[in-house]
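Visitor: The structure's right below; bear with me while I get my questions together.
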Amino acid sequence: MSGPNTNYDPVQVSALDEASVFDMRDAALAAINAAIDLAGLKEVRSSHVGDRSPLALANREIGALPPQARKDAGSRVGRARAAVAQAFEARQAVLEDEAQERMLLEERVDVTLPWDRHPMGARHPITMLSEKIADVFVGMGWEIAEGPLVEAEWLNFDALNLGPDHPARTMQDTFWVDPPEDHLVLRTHTSPVQARTMLTRKPPIYVACPGRVFRTDEYDATHSPVFHQVEGLVIDKGISMAHLRGALDHMLQALFGEGMRTRFRPSYFPFTEPSAEMDMVCFICHGSGQQDEGECRTCRGEGWIELGGCGIVNPRVLIACGVDPEVYSGFAFGFGIDRLLMFRHGVADMRDIFEGDIRFATPFGVEL
Ligand code: PHE
């Protein structure tokens, strides 16, 4: 407990003499004026204005003074504190105004900026390539035909010389649609559109059929249970393999440029006879298999890229679809669009085509 200090010696309590109080006040005022922002001013508050500031501490000592000295020191310290508080408030007002103005300037919204910044989306590269291919055929005077994805078993297989016991049925691993007695499949190729076309129109027929097809394949970097094909069908008088070759070479030149050609390798398809696998010459190395002193990366040194199957339409298919094989002959081909896109644009992983990520589609350009 401390009572009034009766042995007070004013010289010892130097913190309360006039010069000391003025010093404290001036130091506080100088610090206040030196603060250049609100954060700086906050520091000045704790060191010069708040409860722990020299003037506040001096104020606490006033009570210990004898009455007269207490009055003098009280008014001295009081005036100094008032001056400091006032200066503080004035400085705070100025700095707040400045901060406000800076904020208005820095956070200004330019309402004249272009507003149309929403991502535009992109057409899928498979759609664009299918349409490009279709355009080439339309340019040759062909028509485009489409068919359903859920297809009658008869059109997907039987009409194409693939009867129920035909061993080649297992060439295409099929998704069957329940119930089995409906005999529906997810079409395993675009060839049923051939059958549909022959059944619904009279020759001459020149059609290209792009579309989605399904097989119970693994989903990995080079396979997908859903993929895309283009089928071509020509039925006319006197059609031969030479016409087939010419149509394919023309299409590839339109897509990849001059010098593109095809190569046929003997093969088997129930719906064509003779049948061939068609390869296209690699559009990077043009058949040499070499690139930059090494193996061509696009065709892996093969010089050729596998495209699909083709052949002369089997007379049994013509008969099943109501076309007289004594009068007409035709060719058909079918190839994968996904693989073509992968080669054409260096797509390493087939899954990118199917996952719908806009970042995959956008670099192909938005063509309308
Ligand atoms: N439909 C065959 C397939 O998907 C390709 C093909 C079409 C072959 C037309 C010959 C003629 O494998």
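Visitor: Rounded to the nearest Å, what's the spacing between the alpha carbon centres of the stretch 210-240 and the stretch 328-368? Just the number, please.
Guide: Taking the Cα centre of each part, the stretch 210-240 and the stretch 328-368 sit 12 Å apart.
Visitor: OK, next. What does the charge count near VAL193 come to, summing +1 for each Lys or Arg and -1 for each Asp or Glu among other residues with Cβ under 11 Å from its Cβ?
Guide: -1
Visitor: Shape of the chain from its Cα gyration tensor (a ≥ b ≥ c, root eigenvalues): rounded if a/c is under 1.5, otherwise prolate when a/b > b/c, or oblate?
Guide: Verdict is prolate for the chain.
Visitor: Can you tell me which aspartates and glutamates have their Cα less than 12 Å from the Cα of LYS132? Leave out same-chain residues fewer than eight positions away.
Guide: In chain and number order, the partners are GLU367.
Visitor: While we're on this one: Around LEU41, what is the net charge, scoring Lys/Arg as +1 and Asp/Glu as -1 over all other residues with Cβ under 14 Å from its Cβ?
Guide: Its environment carries a net charge of -3.
Visitor: Please identify the trypsin sites (Lys or Arg not before Pro) of the stretch 167-242 that satisfy two criteria: DSSP loop assignment and at most 13 other Cβ atoms within 10 Å. Which are they?
Guide: For trypsin sites (Lys or Arg not before Pro) across the stretch 167-242 that sit outside H, G, I, E and B with at most 13 neighbouring Cβ atoms in 10 Å, the list reads ARG201, LYS237.
Visitor: Okay, moving on. Give me, ordered by chain and number, the residues 5 or more places off VAL177 or on other chains with an amide H under 5 Å from its own placed amide H.
Guide: LEU184, VAL185, LEU186
Visitor: Provide the per-residue ³J(HN,Hα) series for the stretch 73-85, in order, calculated from phi with Karplus coefficients 6.51, -1.76, 1.60 and θ = phi - 60°, each as a whole number of Hz, with x at glycine and proline positions.
Guide: Result, ordered by residue: 4, x, 6, 5, 5, x, 5, 4, 5, 5, 4, 5, 4 Hz.
Visitor: Another question, if that's okay. Which cross-chain or sequence-distant (5 or more) residues have an amide H under 5 Å from the amide H of VAL313, H modelled 1.01 Å from N in plane?
Guide: Excluding prolines and chain starts, which carry no amide H, the hits are GLU273, GLY330, PHE331, ALA332.
Visitor: Using alpha-carbon pairs under 8 Å, 6+ residues apart, how would you state the relative contact order of the chain in percent?
Guide: 14 percent
Visitor: Kindly point out, ordered by number, any Cys in the chain whose beta-carbon has no other cysteine beta-carbon under 4.7 Å away.
Guide: So, CYS209, CYS310, CYS321.
Visitor: Net charge within 12 Å of ALA30 by Cβ-Cβ distance, Lys/Arg positive one each and Asp/Glu negative one each, not counting ALA30 itself?
Guide: With Lys, Arg at +1 and Asp, Glu at -1, the net is 0.
Throughout, read-outs are computed from the coordinates displayed, never taken from laboratory work. All values reported here derive from a predicted model rather than from experimental measurement. Note: ideal-geometry Cβ built from the backbone for every residue, glycine included; neighbour counts use all protein chains shown.
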